[in-house]
Amino acid sequence: MTEHQTLIRQLFLPDGGPYALSSAMSARSGSGKTTLLTSLINAARTDSAFNETRFIYVSVKKEHLFKPMHKKEKIKPVSSVWDAVKSMRKNQITVFYPSDPAYYEEDVDSLIDSVFDLADSNPEASFSIVLDDANVLKGFDNRGNPSPQVKKLAIAGRSKRIRGLFITHRLGNLPRIMNGNLSALILMSIPSMDVEYSRKVFGVDFEPILPELHSFRWAVVDLLTEHVHTFNPISPK
Ligand SMILES: Nc1ncnc2c1ncn2[C@@H]1O[C@H](COP(=O)(O)OP(=O)(O)OP(=O)(O)O)[C@@H](O)[C@H]1O
Ligand SMILES: [Mg+2]
């Protein structure tokens with residue numbers, strides 16, 4: 001197994017192991033989060049360990065960068081939970097665009113509930129739910145209280161083979177309840193006030209790597225060992 005493969009499995013494989021908690025990606029607007037995330041998921045999809053893993057990518061901005069991996073694959077965004085479940089039964093990747101800003105939270109909550117139901121009735125399947133621009137959702141701030149479903153995903157997902165990846169602009173957008181329930185952080189260009197925040201909340205010091213995190217460079221923080229690894233930019237396809 002290559003180092004890259006190990007990293008991708010630690011970040012995304014919902015195998016119930018110690019690394020299979022949810023994770024978070026935080027960085028400034030326009031720093032390359034969606035591009036990086038897409039490339040990491042594409043890499044996961046070429047690894048047979050993910051054959052039974054379903055990826056559900058939720059974009060409140062209604063944009064995605066996924067391209068079909070083979071001729072027959074069609075990536076057609078869906079906007080109802082019903083269609084999302086139908087898609088998950090058939091496709092490895094489902095793109096979900098919540099349709100009405102007034103009901104974003106309800107949509108995401110019922111999507112999470114449906115994934116837990118699917119996991120219960122399909123013991124061989126596992127799920128990776130990516131919430132891009134999660135900072136738009138109510139409850140995504142440090143003092144905020146996310147919905148019971150989001151809490152369930154972060155706290156009870158691992159043993160059900162379900163992982164969340166919460167993508168936000170600031171580390172401070174992550175609800176406090178997530179502290180101690182994440183196995184990794186993926187960082188790109190972050191504001192220096194996040195450094196202080198991270199020292200306080202995660203007990204990890206990014207100060208030394210802050211100067212490196214520019215021009216689409218990125219880092220992964222292993223929250224189990226507190227090791228920080230930095231990476232060169234991916235080449236967007
Ligand atoms: N590794 C890279 N190399 C070159 N260009 C990149 C790279 N990653 C992203 N970009 C470019 O930077 C711009 C912003 O990227 P992207 O949309 O992925 O950022 P983002 O962090 O998701 O932004 P937002 O916070 O607005 O969602 C895009 O035009 C994208 O093509
Ligand atoms: Mg984005």
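What follows draws every value from the coordinates through simple rules; no lab data is involved. The model shown is predicted, which means the values in this text are computed figures rather than measured ones. Methodologically, a virtual Cβ is constructed for each residue, glycine included, from the backbone with ideal geometry; neighbour enumeration extends over all protein chains shown.
Of all residues in the range 41-74, those satisfying the criterion of being hydrophobic (A, V, I, L, M, F, W, C) and out of contact with any strand residue (DSSP E or B) (no Cβ under 8 Å at 6 or more places or on another chain) are A43, A49, F50, L65, M69. Looking only at residues in the range 21-46 that are in a loop (DSSP other than H, G, I, E, B) and either under 22 Å from L187 (Cβ atoms) or touching a Leu at 6+ places or on another chain (Cβ under 7 Å) (or both), which one is farthest from ligand 2 (Cβ to nearest atom)? Within the range 21-46, the match that is farthest from ligand 2 (Cβ to nearest atom) is L21. For the range 17-32, filtered to residues that are surrounded by fewer than 24 Cβ atoms within 10 Å (Cβ to Cβ) and not small (G, A, S), the residue that is farthest from ligand 1 (Cβ to nearest atom) is P18. All but one of (1) polar (S, T, N, Q); (2) away from ligand 1 (no atom under 16 Å from the Cβ); (3) exposed (fewer than 15 other Cβ atoms within 10 Å of the Cβ) hold for T53; state the number of the condition that does not hold. With (1) polar (S, T, N, Q); (2) away from ligand 1 (no atom under 16 Å from the Cβ); (3) exposed (fewer than 15 other Cβ atoms within 10 Å of the Cβ) applied to T53, the lone miss is (3). Those helices (runs of 4 or more DSSP H) of the range 78-174 in which 1 or more residues are out of contact with any helix residue (DSSP H, G or I) (no Cβ under 9 Å at 6 or more places or on another chain) occupy 81-90, 104-121.
Across the range 123-175, the qualifying residues are those that are surrounded by fewer than 21 Cβ atoms within 10 Å (Cβ to Cβ) and of a type in the set (S, T, Y), and the one among them that is farthest from ligand 1 (Cβ to nearest atom) is S159.
The residues listed here are S147, S121, S128; of these, the one that is away from ligand 2 (no atom under 16 Å from the Cβ), of a type in the set (S, T, N, Q) and more than 27 Å from R9 (Cβ to Cβ) is S147. The set of residues from the range 1-16 being surrounded by 18 or more Cβ atoms within 10 Å (Cβ to Cβ) and part of a loop (DSSP other than H, G, I, E, B) comprises L13, P14. Scan the range 176-212 residue by residue and report those that are part of a loop (DSSP other than H, G, I, E, B) and either touching a residue at least 60 places away in the same chain (Cβ under 8 Å) or buried (at least 21 other Cβ atoms within 10 Å of the Cβ) (or both). Residues satisfying the conditions are N181, M188, S189, I190, P191, F206. Restricting attention to the range 47-75, the residues that are part of a loop (DSSP other than H, G, I, E, B) and in contact with a helix residue (DSSP H, G or I) (Cβ under 9 Å, 6 or more places away or on another chain) total 9. Going through the range 2-32 one residue at a time, which ones are aliphatic (A, V, I, L, M) and out of contact with any helix residue (DSSP H, G or I) (no Cβ under 8 Å at 6 or more places or on another chain)? The one that is aliphatic (A, V, I, L, M) and out of contact with any helix residue (DSSP H, G or I) (no Cβ under 8 Å at 6 or more places or on another chain): L7.
Can you work out which of the residues in the range 218-237 that are within 18 Å of the chain's Cα centre (by Cα) and assigned to a loop (DSSP other than H, G, I, E, B) is farthest from ligand 2 (Cβ to nearest atom)? The residue in question is L224. Filtered by the rule that a residue be basic (K, R) and more than 13 Å from the chain's Cα centre (by Cα), the range 10-44 gives a lone residue, R28.
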